[in-house]
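K.L.:
Can you keep this structure in mind? I'll have questions shortly.
The values are calculated or read from the model by the stated rules, or taken from the named source; none is laboratory data. Model, not experiment: these values are computed from the prediction. Here Cβ is always computed from backbone atoms with ideal geometry, including for glycine, and neighbour counts include all displayed protein chains.
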Amino acid sequence: MRLSTRGHYGLKAMFDLAEHYGSEPIPLKTVAERQNISDNYLEQLIAILRKAGLVKSVRGAQGGYILARDPGSITVGDIIRAMEGPIAPVDCVSEVEPAECDQAEFCITRVVWTKVRDRLAEVMDSISLADMLRDAENLSNKNAQELM
């Protein structure tokens with residue numbers, strides 16, 4: 001299974017906003033520069049995230065974007081579902097509206113794909129933006145110690 005750049009960049013943008021949570025709204029241009037994402041593409045991604053209720057826009061001269069909730073309450077699963085849709089390695093085991101299949105009752109691969117879907121969802125739903133912030137800090141500290 002491979003995520004699109006939409007999911008990858010959406011997560012990067014949300015992480016950037018989480019790093020600055022509680023401060024002033026962040027202009028999209030700033031996020032785009034820091035995360036090496038084109039301005040136009042990031043505008044499209046932010047529109048999806050805003051529609052999903054994960055970010056809020058603030059208008060005005062000091063405007064920009066902020067997380068709609070605390071980083072601890074937004075999971076990777078929330079972001080990936082907003083960007084990519086339901087988590088599913090194949091259509092017949094989609095979290096929402098699985099595709100019809102005349103082989104479903106005796107399809108052994110469906111059992112496998114259901115397990116894969118469940119584990120993917122479990123992992124993604126267990127990691128919050130706050131967890132990612134802690135991991136980034138630990139990685140930064142480890143790298144700093146290795147340079148000494």
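K.L.:
If a residue has to be more than 15 Å from residue 47 (Cβ to Cβ), of a type in the set (A, V, I, L, M, F, W, C) and not in a loop (DSSP other than H, G, I, E, B) to count, how many in the stretch 67-79 make the cut?
P.N.:
2
K.L.:
Right, next: Taking the stated definitions as given, is residue 48 within 24 Å of residue 131 (Cβ to Cβ) and touching a Leu at 6+ places or on another chain (Cβ under 8 Å)?
P.N.:
Considered against the rule, which asks whether it is within 24 Å of residue 131 (Cβ to Cβ) and touching a Leu at 6+ places or on another chain (Cβ under 8 Å), residue 48 comes out as no.
K.L.:
Please tell me if residue 89 is within 21 Å of residue 8 (Cα to Cα) and not in a helix (DSSP H, G or I).
P.N.:
Spelling it out, residue 89 is indeed within 21 Å of residue 8 (Cα to Cα) and not in a helix (DSSP H, G or I).
K.L.:
What about residue 4, is it free of Cβ contacts under 8 Å to residues at least 12 places away in the same chain and of a type in the set (Ser, Thr, Tyr)?
P.N.:
No: the conditions fail for residue 4.
K.L.:
Which condition number does residue 64 fail, the rest of (1) surrounded by fewer than 13 Cβ atoms within 10 Å (Cβ to Cβ); (2) at positive phi being met?
P.N.:
Among (1) surrounded by fewer than 13 Cβ atoms within 10 Å (Cβ to Cβ); (2) at positive phi, the lone unmet condition for residue 64 is (1).
K.L.:
Which condition breaks for residue 85 when tested against (1) on the phi > 0 side of the Ramachandran plot; (2) touching a Pro at 6+ places or on another chain (Cβ under 9 Å); (3) not polar (S, T, N, Q)?
P.N.:
The number of the failed condition is (2).
K.L.:
Also, quick follow-up: In the stretch 82-94, what residues are without any contact (Cβ under 8 Å) to a residue 24 or more places away in the chain and either surrounded by fewer than 16 Cβ atoms within 10 Å (Cβ to Cβ) or closer than 30 Å to residue 131 by Cβ (or both)?
P.N.:
The answer is 85, 86, 90, 91, 94.
K.L.:
Filter the stretch 95-148 for residues that are surrounded by 13 or more Cβ atoms within 10 Å (Cβ to Cβ) and modelled with pLDDT under 85; which is farthest from the chain's Cα centre (by Cα)?
P.N.:
107
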